[in-house]
Amino acid sequence: MAGTGTKEWARHWRYEQLPGLDLLRARYVRHTFPRHSHDGYVFGAVTSGIEDVGLPTGTVHAGPGTVVMINPEVAHTARAGEPGGWAYHTLYPSADVIAEIAGETTSVRGTAAFAEPIVGDPHAAHLIREVHRAAEEGNALAADSLLRVVVARLLRDHGQPMTARPMRSAGAAIAARARAVLAERMADPPSLEVLATELGTSPFALLRAFRDAYGMPPHTWLTDARVRAARRLLDGGTAPADAAVTVGFTDQPHLNRHFTRIVGVPPGAYQRERKNVQDPAARSLVPSQAWQNRQHPRRYAPDQHGTGKEGGLAKEGLRRPIPPSSGTRSVSVSPSDSPGSPSA
């Protein structure tokens with residue numbers, strides 16, 4: 001099990017000393033992430049339990065000792081892979097962050113990509129957790145150093161240039177035009193039939209083309225795009241109620257529901273973390289009861305690390321047991337990975 005009982009908690013935040021990076025530390029049991037994608041990359045390290053990640057190539061089972069790597073704009077889902085749920089630490093670096101590190105440390109030219117969505121790498125998983133710990137302790141030197149170390153390691157061992165997309169078919173061109181229309185008219189989108197007519201195709205042909213191009217139907221993509229747009233507004237200080245209307249949701253509860261499902265925390269908690277990045281007392285692990293009751297206390301007091309009691313597992317990711325990484329709090333990097341002793 002990933003813990004005891006069905007208690008869920010999450011913290012989605014940004015450390016201002018690491019621009020271009022979001023962090024999520026959470027435990028989920030019942031929560032299911034619907035199909036969505038990210039502007040940047042995803043590096044996730046499960047600390048206990050099993051996470052099932054649904055990708056275009058199939059479902060992978062991530063447990064301790066594995067690292068999940070998802071490229072930008074790749075549609076995916078996530079849910080518990082066992083009744084006890086899963087706990088994990090995730091890094092969301094922007095494309096600019098990855099490009100900078102790749103340009104300095106690898107021979108990869110152009111946009112970097114990761115061919116395998118999951119790898120058995122307990123040391124990299126450990127480094128991801130250490131990035132979180134350093135950021136939460138306000139140790140900018142360690143957090144920045146460790147982030148660069150783990151990204152360089154993953155690029156060195158698993159990175160490659162992004163494969164150039166094949167020449168667009170007529171269907172792909174229509175899908176791209178449809179996406180542009182939906183992005184431009186996000187607050188008042190056309191129906192599928194009207195959109196298809198405007199593009200000179202049929203509704204079913206548009207559905208097929210859009211799903212083939214983006215891994216999800218137009219209405220699912222639109223919801224995801226609205227949530228992404230709402231995040232940008234919240235980052236800039238817009239109130240959740242105003243953000244909801246601006247991006248096309250009916251009202252704030254409508255935004256709350258979709259935002260929480262896709263991002264993993266409610267919009268109010270998400271925004272507070274960005275307003276209080278320097279205030280340790282404001283750091284919150286949002287319990288699932290607050291999501292369900294739509295009561296979002298401004299502060300919570302979990303245990304010291306917010307992780308509860310997380311035990312080891314006999315069942316681990318990558319479809320076979322992989323030894324979990326060490327629980328030591330000191331940073332241990334191999335000579336080829338290490339820029340020094342960032343955790344000192």
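All of the numbers you see were taken from the coordinates with simple rules; none came from a lab. Just so we're clear, the structure is a prediction, and the values are computed from it rather than from any experiment. When we count neighbours, we look across all protein chains shown, and the Cβ atoms used for this are built from the backbone with ideal geometry, even at glycine.
Values for this structure:
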quantity: Tally, over the stretch 108-150, of residues that are assigned to a helix (DSSP H, G or I), of a type in the set (A, V, I, L, M, F, W, C) and either buried (at least 18 other Cβ atoms within 10 Å of the Cβ) or at positive phi (or both); calculated: 13
quantity: Complete set of residues in the stretch 39-58 that are over 19 Å from ARG129 (Cβ atoms) and in contact with a helix residue (DSSP H, G or I) (Cβ under 8 Å, 6 or more places away or on another chain); calculated: ASP39, GLY40
quantity: Pairs with Cβ under 6 Å, 6+ apart, first in the stretch 181-208 and more than 23 Å from VAL227 (Cα to Cα), second of a type in the set (D, E, K, R) and surrounded by 12 or more Cβ atoms within 10 Å (Cβ to Cβ); calculated: LEU199/ARG177
quantity: Per-region count, the stretch 209-234, residues surrounded by 15 or more Cβ atoms within 10 Å (Cβ to Cβ) and either outside any helix (DSSP H, G or I) or of a type outside the set (A, V, I, L, M) (or both); calculated: 14
quantity: Candidate set from the stretch 15-32 (those that are assigned to a strand (DSSP E or B) and not hydrophobic (A, V, I, L, M, F, W, C)); member that is farthest from ASP52 (Cα to Cα); calculated: ASP22
quantity: Options THR47, THR77; residue that is hydroxyl-bearing (Ser, Thr, Tyr), more than 14 Å from the chain's Cα centre (by Cα) and not in a loop (DSSP other than H, G, I, E, B); calculated: THR47
quantity: Residue within the stretch 70-83 that is of a type in the set (A, V, I, L, M) and under 16 Å from ASP121 (Cβ atoms) present; calculated: yes
quantity: Residue in the stretch 244-258 that is within 17 Å of the chain's Cα centre (by Cα), under 25 Å from THR32 (Cβ atoms), surrounded by fewer than 22 Cβ atoms within 10 Å (Cβ to Cβ) and not small (Gly, Ala, Ser) present; calculated: yes
